[in-house]
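Step one of this worksheet: look at the structure below.
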Amino acid sequence: MEYIPILVLVISFLTLLAIGTPVAWSIAISSVLTMLVSIQALPAFTTVSQRMATGLDSFALLAIPLFILSGELMNKGGIAHRLIAFAKTLVGAMPGGLALINIMSAMLMGAIAGSAMASASAMGSILGPEMEKEGYSKEFGAAVNITAATTGLIIPPSNVLIVYSLASGGASIAALFLAGYIPGILTGLLLMIVASVWAKKKGYKVGNRSTLKQMAKTFIDALPSLFMLVVVIGGIVTGIFTATEASAVAVLYSFVLGLVYREISMPKMPQILLNSSATSAIVMLLIGASMSMSWVLSYENIPQDISTVLLGISDNKIVILLLINLLLLLVGIFMDMTPAVLIFTPIFLPIVTKLGLDPVHFGIIMILNLCIGLCTPPVGSVLFVGVGIAKTTIEKVIKPLIPLFVAMILALFLVTYFPQLSLWLPSLFDL
């Protein structure tokens, strides 16, 4: 086993992150430095540049900027208010009602918008002040919002599941989308249990019970938004259109819905397009840089070396999955989700497939694992959004975050060792 490329890659990447270099540039620069171990400077630079460009040359990746745009349209189109009103009638009268409303609304909003940051921003700005008025601590509200927002990355449509499909070499996007439902809902339910117990312990106020008439009214108001899931996921699963075509349908649907709700007007469109373009540019740069690093890893035989080491420790599936989960939890602390998926899927997927694990199942394990990293410092993007909106500090949010982390880790454990939680729905559709 050749240790020098691995050491150069790891040390240079961590050093660049430590001095504040943006993640995409840290990935690209450390990739070049690793190549310089094996080849001369000019071929190293041109190879990494070429791999960044060719890595983005994929029809499937076109879905990402389109889903980002549809999420932005939904965020500005009055969807969040209607979903919150619907969730309030369902769980508002339970202990910790507003916290449960936050979690359920985030699950619905994340499923529709496909963005954890959009969900955290919408739910935090709308429900945060309301939770404070009802006597909830600012830190508890922020912790609930931060962890709940990540459920939308498991419940489809999800950009990161599309990224995993690309990194895995062709895992079915339709199968991944269906596989995400039960794990995503399970995570949300466990978060709701923890939030309810915490709220009851702290004596937070319980809301009024809604009548069936109120439930019906809020459901009808939210129905056009929820119907987008039927259109997008139903179209993909039945083969009417691909995931990329579905993303274009989602943009059109969310735009028309925003006009119908009178929340979106033509003067607002330039800012919406600018916001989605900026987000897309960041994501695509991360993808391009990560694809180059994935190629460098393959060139230096690093995945095979890591596979040999792990399988040398044990050939027991339970032990290997435990080790991989621990490694991914560590990776999630220091790396954003998209590059982590693109870099570590080619490393770990061959190992787990040797042990008989389904690539779709492993994809859900990986995404669910890395969702925890989005809520942890130093690079937890959802953590920073949630804390910023709540106008509090990371130090104060950590205490109420810990029991919610435990709920997420329990969900990860169940999904890891009970494959049917992920594979049952895809099997119903022969995917």
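Annotations for the structure displayed:
- Cβ-Cβ distance of PHE418 and VAL231, R₀ of 41 Å, FRET efficiency by 1/(1 + (r/R0)^6): the value works out to about 0.85.
- In this structure, the pairs whose alpha-carbon distance is over 21 Å, taken from LYS76/LYS138; LYS88/LYS399; LYS268/LYS391; LYS138/LYS217; LYS133/LYS391; LYS133/LYS217, are LYS76/LYS138; LYS88/LYS399; LYS268/LYS391; LYS138/LYS217; LYS133/LYS217.
- P(r) of region 362-412 over all Cα-Cα pairs, binned every 10 Å from zero, in whole percent: 25, 53, 20, 2
- Alpha-carbon centroids, region 165-201 and region 269-334: separation in whole Å: 19
- Using just its DSSP H runs of length 4 or more, each adding -39500 (n - 2.57), the chain gives a mean residue ellipticity at 222 nm of -26000 deg cm²/dmol after division by all residues.
- Per-bin percent of Cα-Cα distances, region 333-431 [10 Å]: 14, 38, 31, 14, 3
- Cβ charges +1 (Lys, Arg) and -1 (Asp, Glu), total dipole of the chain, debye: 1540
- Size of electric dipole in region 110-261: Cβ of Lys, Arg +1 and of Asp, Glu -1, about Cα centre, debye, nearest 20: 600
- Qualifying trypsin sites (Lys or Arg not before Pro) for region 208-257 [loop in DSSP, other Cβ within 10 Å: at most 14]: ARG209
- Protection proxy ranking for 404-413, 287-296, 9-18, using the average of other Cβ atoms within 10 Å per residue and placing the highest first: 287-296, 404-413, 9-18.
- Taken as Cα centroids, region 387-424 and region 210-230 sit 28 Å apart, rounded to the nearest whole angstrom.
- Kirkwood Rh and Cα Rg combined as Rg/Rh, region 1-113: 1.25
- Here the peptides 171-182, 41-52 are ranked by packing, the mean other Cβ count within 10 Å, and the order with the highest first is 171-182, 41-52.
- Sorting the segments 361-371, 183-193, 237-247 by their residues' average number of neighbouring beta-carbon atoms within 10 angstrom, most packed first, yields 361-371, 183-193, 237-247.
- As a size descriptor, the averaged projected area of the C-alpha convex hull of region 185-258 was calculated at 7.5 nm².
- Three principal axis extents describe the C-alpha atoms of region 264-391; from largest down they are 60, 33, 25 Å.
- Positive dipole terminus of region 121-235, leading residue within GLY128, PRO224, TYR164 (C-beta point charges): GLY128
- Calculated P(r) tail over 29 Å for the chain, as whole % of Cα pairs: 45
- Unit charges on C-beta of K, R, D, E only; dipole of region 291-431, Debye: 460
- Base-10 log of normalised Debye intensity for region 127-220 (one unit scatterer per alpha-carbon) at q = 0.18, 0.19, 0.23, 0.25 Å⁻¹: -0.96, -1.00, -1.13, -1.18
- Value of relative contact order over region 1-116, rounded to a whole percent, pairs C-alpha under 8 Å and six or more apart: 20
A short reminder: the numbers here are calculations on the coordinates, not readings from a lab. Computed from a predicted model, the values in this text were never measured in an experiment. Cβ coordinates were reconstructed from backbone atoms using ideal geometry, including for glycine residues, and neighbour counts include every protein chain displayed.
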